[in-house]
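Here is the structure we will look at.
Nothing in this text is a laboratory measurement; each read-out follows from the coordinates by a stated rule. Fair warning: this is a prediction, and the values are worked out from it, not measured in the lab. Cβ sites come from the backbone with ideal geometry, for glycine too, and all protein chains shown count toward neighbours.
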Amino acid sequence: GRKRNRDFDAMLALLKEFKAENGHCHVPEKHPKQQHNDSKKKGPAGATPSPPDKYFELRRWANVMRRSYLQVKRGEKSPLTLPQMVQLTEIGFVFNSRPQGVLTFEQRIEQCKAFREEHGHLSIPKRHAMGRWASRMRVE
């Protein structure tokens, strides 16, 4: 109800703040200091701790939005509404949390054009970087 909408609006405002600071809306799943060093090792005695994580709640919320988006895609019940999806999409929220290979549809089409220019066809092998995407597009 209203509380859920207020919570969404508050997190959307925080997402906009994140975008203003970082230039994008790709909220990482983990604190940047944890991204590449997930081990449980203790640092040297007297090591300075990581700075406080001001986007902890935003990351949790972003992960919930991503799971909710997958539920919508699968046709399952989801707390994410269509207007909320539109709002998130309009500001550039990345529903796919995996940063590598996150390209727009238009960028993929440009890659296909370049492949056709180079190879004279669009029979892109699945082992090629675009192969799986092209295969999915043929099915959809």
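Tabulated data
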read-out: Projected label distance in nm at LYS126 and ALA20, using a 7 Å step from Cα toward the beta-carbon; value: 4.7 nm
read-out: Gain on full stretching of the segment that runs from LYS3 to ILE91 - 0.36 nm per residue minus C-alpha separation; value: 29.5 nm
read-out: In sequence order, calculated HN-Hα J values of segment 5-18 (Karplus, 6.51, -1.76, 1.60; Hz; x Gly/Pro); value: 5, 5, 4, 4, 4, 5, 6, 4, 4, 5, 4, 5, 5, 4
read-out: Which listed pairs, of LYS16/LYS77; LYS19/LYS73; LYS3/LYS73; LYS16/LYS126, have C-alpha distances above 29 Å, in listed order; value: LYS16/LYS126
